[in-house]
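The values are calculated or read from the model by the stated rules, or taken from the named source; none is laboratory data. Note that the structure is a prediction, hence the values are computed from the model and not measured. Cβ atoms come from the backbone with ideal geometry, glycine included; neighbour counts cover every protein chain shown. Heads up: the accessible areas ignore ligands, DNA and RNA and are worked out on the full protein's heavy atoms, side chains in. Shrake-Rupley method; radii C 1.70, N 1.55, O 1.52, S 1.80 Å.
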Amino acid sequence: MSHMLEAWRYFGASVNALLVNSPYNAIHFAYYAQLRAAMAVFSGEGVFVQQGAYFYLDSSGTRHNFSAAGTHTFVWELWREWIKGSRAEDLIGDQIKLMPLVSLSDIVPSPRPGGVLERWGFDLAVGATEKTARNAASYDSKAPFPIPVLTSDHVSIVRSIWRLLLSDDSAIAFDAAFVRYLVDLAVTDAIASGGADDEIISREQQLEEIATKVAGATGQDATALLRRLSDPGADDRLFAAASEPQQDVVNVLARALFLVRIASLSVARALGNDESSARSCKSWIKCWLSAIGVIPAGEFEVQDLVVDFEDAIAELDFSAGAELPSTLWLGEAAEYSARLSKVESVCAWGLPL
């Protein structure tokens with residue numbers, strides 16, 4: 001749980017660094033968000049990862065030590081193996097939902113997310129073998145580097161991130177977007193292998209068939225399912241950025257977002273398994289959210305919190321003509337930029353508290 005929360009804080013620091021035109025630090029923090037996210041997932045699997053100590057507990061509670069060359073290398077090697085197994089498939093298939101009562105596994109019985117998750121682990125793979133970029137961000141003077149230029153495209157990534165993080169039908173919008181992305185990959189592959197003459201008609205027909213089949217199996221409305229599967233207004237561009245083997249700030253932030261969300265899913269699953277321990281964990285998370293200024297002490301309305309972030313997205317100027325980054329930090333805009341930098345706020349509605 002603590003690894004997951006720290007992963008969100010690193011990711012928030014990365015978003016803040018981007019908004020103040022410090023892309024080197026944004027990449028640095030995003031990498032560590034990924035690292036802590038993977039460690040959070042492993043913790044949920046019973047694997048302890050800490051510098052100099054790597055072990056797991058079996059069903060009897062017996063400790064088994066790993067030999068490892070270092071934390072970064074160990075995390076990548078374990079991630080590469082974990083994504084191939086049934087535990088990764090179960091986590092993604094059961095916890096990711098298109099709608100409250102329709103999970104990914106209802107649509108794709110064997111989602112086999114290994115390929116996607118391996119691409120999203122690109123920075124973990126690089127970090128395991130190449131320390132130059134990480135050390136440069138941590139220790140080197142930036143004076144010799146070209147002064148970075150903050151573009152509207154970079155800033156609009158923050159809007160795309162938040163569109164995936166806001167609450168959508170009692171869940172985070174990321175989840176439905178991820179289902180659409182995987183289904184679209186499957187449909188695209190089917191079209192390519194089938195040699196369809198009219199891709200648009202073929203795509204629509206296949207989505208209709210999927211919606212009808214899932215509706216029959218789950219009892220949900222086929223029209224609503226089809227609407228969710230073919231949402232034309234969805235902002236899904238970060239999925240493509242996450243899969244590209246590049247280390248531009250946009251690519252690294254996209255991968256960080258997705259790995260941290262997967263870490264949250266692992267914690268959410270754990271919170272639903274043991275009611276007695278979950279109660280104390282939920283209470284602790286609420287105290288943590290209050291301590292960092294996300295929520296007030298005591299009761300709070302989640303939807304009011306979500307609306308605050310929706311307002312921030314609506315008010316900030318992401319246009320190409322904006323003078324960046326100064327327009328993000330002058331007057332009322334500073335309040336909105338600061339709010340959008342506090343990405344860890346998503347834990348208030350992204351976990352079953």
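So the values come out like this:
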| read-out | value |
| --- | --- |
| Those residues of the stretch 27-65 which are touching a helix residue (DSSP H, G or I) at 6+ places or on another chain (Cβ under 7 Å), more than 30 Å from Pro148 (Cα to Cα) and not in a strand (DSSP E or B), in sequence order | Met39, Ala40, Val41, Phe42, Ser43, Gly44, Glu45, Gln51 |
| Residue in the stretch 146-193 that is farthest from the chain's Cα centre (by Cα), counting only those that are within 19 Å of Asp311 (Cβ to Cβ) and without any contact (Cβ under 8 Å) to a residue 24 or more places away in the chain | Asp168 |
| Residue check, Ala334 touching a helix residue (DSSP H, G or I) at 6+ places or on another chain (Cβ under 9 Å), touching a residue at least 40 places away in the same chain (Cβ under 8 Å) and over 29 Å from Leu265 (Cβ atoms) | no |
| Flag for Ala263 being at pLDDT below 85 and open to solvent by less than 60 Å² (accessible area, probe 1.4 Å) | no |
| Considering residues of the stretch 56-83 that are exposed (fewer than 14 other Cβ atoms within 10 Å of the Cβ) and not small (Gly, Ala, Ser) only, the residue farthest from Val116 (Cα to Cα) | Thr62 |
| Residue ID - most open to solvent (accessible area, probe 1.4 Å), chosen from residues in the stretch 219-240 that are free of Cβ contacts under 8 Å to residues at least 40 places away in the same chain and assigned to a helix (DSSP H, G or I) | Arg227 |
| Considering residues of the stretch 111-166 that are hydrophobic (A, V, I, L, M, F, W, C) and assigned to a loop (DSSP other than H, G, I, E, B) only, the residue modelled with the highest pLDDT | Leu166 |
| Subset tally (residues that are surrounded by fewer than 16 Cβ atoms within 10 Å (Cβ to Cβ) and either among the hydrophobic types (A, V, I, L, M, F, W, C) or at positive phi (or both)) for the stretch 281-291 | 3 |
| Cross-chain or 6+ apart pairs with Cβ under 8 Å, the stretch 47-60 first and among the hydroxyl-bearing types (Ser, Thr, Tyr), then in a strand (DSSP E or B) and surrounded by fewer than 16 Cβ atoms within 10 Å (Cβ to Cβ) | Tyr54/Phe48; Tyr54/Asn65; Tyr56/Phe48; Tyr56/Arg63; Tyr56/His64 |
